[in-house]
Structure formats: C-alpha cells, structure tokens
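**Student:** I'd like to ask you about the structure that follows.
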Amino acid sequence: MADKKTIVLGDVIESIKRFFSYLRSQFMLIALCAVVGLILPLIYRALQKPAYAASTTFILEEKSASGGGLAGIASQVGLDLGSLGSGSSLFTGDNILDIIKSRVIIEKVLLTPISGSAGKTLADLYLEFSGLGERLPAPVSFAIPAASAAVVPAHSVYQDSVLYVMYEQIAKKNVSVDRLNKKGSIFKIVTVSQNQVFSKNFAERLLKETTTYYVNVKTSAAAANVKRLQARGDSLLRVLNAKSYNAASFQILDPNVAYKSMSVPAEVSSRDKSIVFSIYAEVTKNLEMSRIALVSQTPVIQLLDVPKYPLMDDRKSYLFLGFAGLFAGLLVGFFLCLYLYTDK
C-alpha cells in the first residue's frame, strides 16, 4: 500500500511565514521594480507628442428609385429610365468607408486653404507639425496663389510625390472611419494629430469632400438625363412659340370665298403647332419623371456631431500611467521573488 502524505496545517503556516519573511528580505528588489515601473510610463508620456482627436458623426440615408411604371411609359417615347431605377451598389455597404480614406478625397482636403493664413493649405500645416517637411530633400509648398493670379500652376512630380507620402501617413495613422453600429447607417470619422487646427479642419472637410463626390457620382446619370430633357424641352418651346406666331400671321379676318386655298397655310401652320405641342407635352412629362427619379436617387447625409475647440488630448494622464506602472512594477517584483524563492 502506497504511503500517504499528510499535510499539516502548522507546516503550511510555517511555509507562508518563511515566504513573507523572504519577501521582506527582498524589499529592495521589489522597490526597484516598482520604481522602474513608475518611471518608465512617465518618461514615455513625457516623450509622447500631443494627440488631438476630432470626431465627426453622420447618418447616411441611401435612396434608390424603382423604375416600374415610369420606365414603361418613358420607353414608349424612346427614353430609357430603367437605369435610373436600379439602385447602384457602388456606394452601398462598407464601400463608403474606403471612399472616405481614398487618395483623391484626402489630397483634395489637404489642398484646401486654412482660413486667415494667406493661401496656406492643410498640406503645408501638416508638413510643419509632423516633421515631414524637415526630412524632405528639398523644401516644398502647396500654398494657393492669390486671387489675382490668372492661372493656378499645376503640381510638379515632386509635389505629387510629397502629397502621396502625406496621403499614406494620414490614411494609416491619422484618420479612422467606422460604423457606430455594424448594422446601422451612422458613421464616425476621427482625425488624430498633433495640431488642433489640422484635426478639426481635416475631419470637417473630409466629410464635405466625400459628400460632394458621393452625391455627384451617385446622381450623375440621372442629372445628365434631366439636363438633356431640359435642353430638348427648351428647344421645343422656342419652336412652339414660333409656330404660334406663324399661325397667327396666316389668320385672315375676311377671306374671299372664291379663293379657298388662302386658308391652307393657316391650316398647315395650325397642324404643325399641334404636333409640336404634343411632342413638347410628352417631353415635359418625361422631364418631370426624370426629376422625380433624380430626387429619389439622391442620398441624404445628415450631420450628427462636429468637432469643437478645444479638442481633447487623447494621451493618457500622468496620474493614470503612474499608478498603472507602479502596480505593474509591484507585480513583476512579486513574481520575480516567487521565481527566485522556488529555485532554492
């Protein structure tokens, strides 16, 4: 029969006493770990650069018009409204998140001027506070010429290269876009940088440029169709007015019954006027249909929150980092002493 080990309560208490006695003997080691744990986070906090966060939230209401009866009526006069009715999937789902962080949108925002800075742009401001301008092989400026300048000069290859570097840094480190609810239509744009002016202006203008681009592309086909029908309707209206004046000029108050042919020009002019009027009525009807389709297809972006000064610094406070580092240092010291104690 195997021997059974008996655990005596007195032995357990004696072991605990010896361990705490050992901890007291290692007080300097534990204190050293605690001091290191306290100092390192404070040094890290002191070396950290400011991180001002500007957040903008908005609601995206997607619209799509179904063709249905409108497309059928329009097809009778040779118009294709079916494409207006089918909702495009280009901007549905999470694609809007990628569009906000796209190169074309971010570069447009970077090239917008700062109020009261004599043409200085957000790109120039970013080069200053990020330190990127100091690392470039040659100085570069994206300042907008005065309003009196006849032609705005095109960007050089070097300027485009610098813009691309800024775009990559900002898209990866400074801008984040996400849904507040994975199944909802509320989006949040957050810009974090070392400069309050840049963070606030960039977040606001990023949403503005995205909205303009989004609506223009989303409604481009419908808007072009409305413009085409409007031009045709205006042209037909001018022809109809001319036919009305022409028909009036052929009206004879006291025609000679012996010459019935004298009424033929008036009858032909009146017939032409009726034909033009019928065509004009159909074009006007289809123009209104196209306008309805355009309105129903135009997305709605409603602002919820906008950044306001002063922006909050996202860095952790010294007090929080100090307590967290002190606690971590004590834990490291304790487990280190435990490891050394078990090796005896």
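**Student:** Taking amide H positions as placed in the peptide plane 1.01 Å from N, state which residues far from LYS120 in sequence (5 or more) or on other chains have amide H under 5 Å from it.
**Tutor:** ILE114, ILE144
**Student:** Right, here's the next one. Give me the percent of the accessible area of segment 160-238 that comes from carbon and sulfur atoms, probe 1.4 Å, all protein chains in place.
**Tutor:** Working: 2050 of 3940 Å².
Carbon with sulfur: 52 percent of the solvent-accessible area.
**Student:** Right, next: In this model, which of LYS49/LYS173; LYS172/LYS308; LYS173/LYS316 are farther than 20 Å apart at the alpha-carbon? Intermediate results must be reported in sequence, preceding the final value.
**Tutor:** On the way: LYS49/LYS173 14 Å; LYS172/LYS308 24 Å; LYS173/LYS316 18 Å.
Over 20 Å Cα-Cα: LYS172/LYS308.
**Student:** Also, quick follow-up: Show me the ranking of peptides 119-125, 298-304 by mean Cβ neighbours inside 10 Å, starting with the highest.
**Tutor:** Details: 119-125: 19.6, 298-304: 13.3.
Most protected by this proxy first, the peptides run 119-125, 298-304.
**Student:** In Å², and per residue, what accessible area does segment 301-344 have when probed at 1.4 Å with the other protein chains present? Let's see the in-between values first.
**Tutor:** Working: 3390 Å² over 44 residues.
Result: 77 Å² per residue.
**Student:** Take each of the peptides 23-33, 283-293, average the number of other beta-carbon atoms within 10 Å over its residues, and list them starting from the highest.
**Tutor:** Details: 23-33: 14.2, 283-293: 18.5.
Top to bottom by mean Cβ count within 10 Å: 283-293, 23-33.
The values are calculated or read from the model by the stated rules, or taken from the named source; none is laboratory data. Nothing here was measured: the structure is a model prediction, and the numbers come from that model. Reconstructed Cβ throughout: ideal geometry from the backbone, glycine too, with neighbour counts over all protein chains shown. The protein model used for the area step is the full one, side chains on, heavy atoms only, and it has no ligands, DNA or RNA in it. Shrake-Rupley method; radii C 1.70, N 1.55, O 1.52, S 1.80 Å.
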